[in-house]
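The block underneath contains the structure these notes are about, expressed in structure tokens.
The values are calculated or read from the model by the stated rules, or taken from the named source; none is laboratory data. On a predicted model such as this, the values are computed, not experimentally measured, just so you know. Cβ atoms come from the backbone with ideal geometry, glycine included; neighbour counts cover every protein chain shown.
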Amino acid sequence: MLGFTSLAETLRTAYEGAAPRPPGEQWLAVCQAHRAWADEDLFFDIEGARYYSEDRREFGLQYLLGVVDTAEADEAGLPRYTQIWAFDRAGEKRAFEELIDFITERRTRHPRT
């Protein structure tokens, strides 16, 4: 099991002096450094904007839902990273529904997980 101290150290060294990385690559760097996944694992990442508001009464928007899928490889042979973006409230709802559909369909293809 990957402990917090070793994870924190890996993140620190991965980011120290490094150029910004595209979404998903941070997860892959940490997982590859520790081989901290089993076949067919999913890793979920969520990014939000705390102060986003369309009406000044309700705040926050979950604008990026990301999933690293170790059961399927991308063109580079790395675990596949799927990005689901939202730019407003309607998009946030659609993104969540798309995430649930993604996980449901993925479990159909890989039922062991």
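Below is a table of values for the structure above.
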read-out: Segments classed as helices (runs of 4 or more DSSP H), wholly inside the chain, with at least 1 members that are exposed (fewer than 15 other Cβ atoms within 10 Å of the Cβ) and at pLDDT 90 or above; value: 89-109
read-out: Within segment 37-85, tally of residues that are aliphatic (A, V, I, L, M) and touching a residue at least 60 places away in the same chain (Cβ under 8 Å); value: 1
